[in-house]
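Structure record follows, encoded as structure tokens.
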Amino acid sequence: MPKSSIDRIFDFPEPFCLKSTQETIEITLINHENLDKWAKKQDKNTKNQIDQSKFTAKAGENLLIKDKNGDISAILSGLSIPTHHLDGASAYNFVCGSFSDDFLNNHTFKLSTATANADHTIGSIGWGLGAYQFDHYIESKGVKPQLLWSDATNQDETLATIRSICLIRNLINTPANILGTDELAAAAQKVAKNFKAKVKTIKNEEDLKKNFPMIHTVGKASPRPPQLVDMSWGNKKDPKVTIVGKGIIYDTGGLNLKPGMYMRDMKKDMGGSAHALGLAWMIMALELPVQLRVLIPIAENSVAGNSYRPGDIIESRKGLSVEIGDTDAEGRLVVADAITYASEDEPDLLVDFCTLTGAARVALGYDIPAFFTNKDEMIEPLRKSSVTNQDPIWPLPLWDGYNKEINTPIADIANDGSGRAGAIYGALFLHRFLQNDPDWVHLDCFAWEQNGKAGRPKGGSDTGMRAMFEYIKERYAA
Ligand SMILES: [Zn+2]
């Protein structure tokens with residue numbers, strides 16, 4: 001029976017095995033600084049092969065070692081300094097590229113390391129991510145080599161990281177004809193079910209119109225109904241952390257229709273919701289001591305006779321009236337209603353992920369999400385978490401002076417700004433919909449790998465999720 005579209009989203013690469021009766025080939029992870037010392041301790045045959053090769057143990061370099069009979073006896077794989085979570089992907093790709101399917105079916109691999117023990121976990125994470133391909137709709141797939149779990153590997157951390165990142169990728173890569181508003185909500189419910197979290201979906205048209213008017217306004221032109229998923233998990237005694245993610249399953253731009261080249265990849269406009277669910281997965285899988293809530297406002301920004309229009313004045317949950325300057329600035333509308341709702345509950349920390357503005361990409365490129373916070377003292381710890389986890393995010397100012405740019409004489413606020421600082425206007429807009437002044441971080445991210453590299457193929461990708469996980473872990477679990 002073919003898998004359902006939801007099941008395919010939870011189809012994660014797990015190229016690991018507990019034990020093996022097959023012949024096992026050892027992959028030694030080693031970095032440039034350790035190579036000479038390590039090589040001196042090896043037998044002459046191995047040492048000669050290292051000396052005669054170009055292998056210097058830099059990240060991305062791999063070397064096959066053969067025994068005296070010419071049989072493959074080991075693999076050396078270079079590491080970054082410090083070790084990077086994608087390093088193991090290079091070993092995975094090397095193995096796939098070096099051996100026949102027949103060989104892979106008859107051998108397993110195991111890690112050893114000439115560096116710190118912790119590199120077993122990092123190497124295994126990279127190995128798993130190396131096996132990721134969005135191949136759920138392709139019939140024939142190659143053999144995936146298997147890695148034996150080593151005692152030094154933290155299996156929980158390895159699997160939580162791989163599953164969380166691949167959940168983000170699968171959600172984003174699944175196109176909008178398959179992942180509609182109901183399907184995105186169903187995926188969120190499945191995440192909740194996996195961790196026995198409570199979840200409800202607000203979908204009734206009258207309820208949405210009354211309580212979340214901006215989510216309703218943005219989504220009403222699509223035959224696939226707008227909705228809001230509300231998930232909660234954890235111990236009521238722990239601090240409340242709420243994560244909001246923009247879930248626009250497809251963004252045509254609305255009546256301000258996007259030109260073709262800008263619409264092409266707009267299946268990724270639910271990337272914020274994918275990040276929220278991926279981060280929630282990490283938090284729940286590794287049982288951080290927080291009371292977690294996840295809110296996913298879901299809509300499709302479509303064109304129809306009942307589309308909202310440029311010039312419309314619409315209601316919001318907070319009671320502020322919003323003049324629509326541009327129907328393509330829809331993300332901030334749905335997220336603003338969710339942020340108001342989230343902050344009524346007075347969380348200790350409120351995080352939102354949105355693929356919000358092209359201006360954030362002009363400022364920082366594809367790989368670095370811009371972050372904004374209402375608490376200056378959070379900027380340095382957030383930057384530090386980003387460095388620790390090698391997942392770049394960079395602060396932009398929530399500059400009060402630019403609030404004048406999103407003023408309009410005929411409503412409380414406008415959804416587009418007249419100047420050049422689009423990413424800041426987006427953040428200032430969202431800020432106006434907060435209540436009770438919680439610690440708040442807004443990430444304007446791309447959610448897409450533009451070029452592709454080992455362990456991170458072109459397509460849907462995490463940008464900033466691991467930095468936020470590190471921050472939350474440091475803040476609540478250190
Ligand atoms: Zn848009």
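Every read-out reported here was derived from the displayed coordinates using simple, explicitly stated rules and does not represent laboratory data. This structure is a prediction, so every number in the text was calculated from the model and none was measured. Reconstructed Cβ throughout: ideal geometry from the backbone, glycine too, with neighbour counts over all protein chains shown.
Quick look at the numbers
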{"read-out": "Using θ = phi - 60° and Karplus 6.51 cos²θ - 1.76 cosθ + 1.60, couplings along region 172-181 (whole Hz; Gly, Pro as x)", "value": "6, 6, 5, x, 5, 5, 9, 9, x, 5"}
{"read-out": "12 Å Cα-Cα reach of K40 towards aspartates and glutamates, excluding residues that sit fewer than 8 places from it in its own chain", "value": "D51"}
{"read-out": "Vicinal HN-Hα couplings computed from phi for region 13-28 (Karplus, 6.51 cos²θ - 1.76 cosθ + 1.60; Hz; Gly/Pro x)", "value": "x, 9, x, 10, 9, 7, 8, 8, 9, 7, 5, 10, 10, 8, 10, 9"}
{"read-out": "Per-q log10 I(q)/I(0), region 5-153, q = 0.15 Å⁻¹ (Debye; single scatterer per alpha-carbon; no solvent)", "value": "-0.77"}
{"read-out": "Ranked by how many other beta carbons lie within 10 Å on average, peptides 325-334, 419-428, 13-22, 300-309 from highest", "value": "325-334, 419-428, 300-309, 13-22"}
{"read-out": "Ellipsoid semi-axes in whole angstrom, largest first, where each is sqrt(5λ) of the Cα gyration tensor of region 319-478", "value": "26, 20, 13"}
{"read-out": "Under Karplus coefficients 6.51, -1.76 and 1.60, residue-wise ³J(HN,Hα) of region 280-293 in Hz, glycine/proline x", "value": "4, 4, 4, 4, 6, 5, 9, 6, 5, x, 9, 9, 8, 10"}
{"read-out": "Three principal axis lengths of region 93-193 [C-alpha, angstrom, descending]", "value": "48, 31, 18"}
{"read-out": "Distance from region 406-452 to region 44-83 (C-alpha centre basis), Å", "value": "50 Å"}
{"read-out": "Residue pairs, from the table K209/K237; K41/K66; K200/K236, whose Cα atoms sit over 23 Å apart", "value": "K209/K237"}
{"read-out": "Globularity index of region 72-135, i.e. its alpha-carbon radius of gyration over 2.2 N^0.38 Å", "value": "1.13"}
{"read-out": "Directionally averaged shadow of region 1-67, computed from the convex hull of its alpha-carbon atoms, nm²", "value": "8.1 nm²"}
{"read-out": "Straight-distance crosslink candidates among aspartates and glutamates, where the alpha carbon sits under 12 Å from K203 and sequence neighbours closer than 8 are dropped", "value": "D182, D230"}
{"read-out": "Calculated Rg and Dmax of region 197-341 using C-alpha coordinates, Å", "value": "15.8, 50"}
{"read-out": "Per residue, the convex hull volume that the Cα atoms of region 260-321 enclose (Å³)", "value": "134 Å³"}
{"read-out": "Computed helical MRE - 222 nm, the chain, DSSP H runs ≥ 4 contributing -39500 (n - 2.57), nearest 500", "value": "-10500 deg cm²/dmol"}
{"read-out": "Around K193: net Lys/Arg minus Asp/Glu count, Cβ-Cβ under 14 Å", "value": "+3"}
{"read-out": "Neighbourhood charge, 9 Å Cβ-Cβ cut-off, centred on I413 and excluding it, Lys, Arg +1 and Asp, Glu -1", "value": "-1"}
{"read-out": "Using alpha-carbon coordinates, inclination of helix 465-477 to the longest axis of the chain, degrees", "value": "90 degrees"}
{"read-out": "F433, F10 arranged by Cβ crowding within 10 Å, fewest neighbours leading", "value": "F10, F433"}
{"read-out": "Distance between modelled label sites at D238 and K141, nm, 7 Å Cα→Cβ extension", "value": "3.2 nm"}
{"read-out": "Projected-area average for the chain over all orientations - Cα convex hull basis, square nanometres", "value": "24.3 nm²"}
{"read-out": "Mean Cβ count within 10 Å, highest first, over the residues of peptides 311-323, 466-478", "value": "466-478, 311-323"}
{"read-out": "Counted charge near I368, where neighbours are those whose Cβ lies closer than 12 Å (Asp, Glu -1; Lys, Arg +1)", "value": "-1"}
{"read-out": "Residue pairs, from the table K110/K240; K37/K144; K3/K246; K47/K110; K240/K453; K19/K44, whose Cα atoms sit over 29 Å apart", "value": "K110/K240; K37/K144; K240/K453; K19/K44"}
{"read-out": "Alpha-carbon centroid distance for the pair region 177-194 / region 239-299, whole angstrom", "value": "12 Å"}
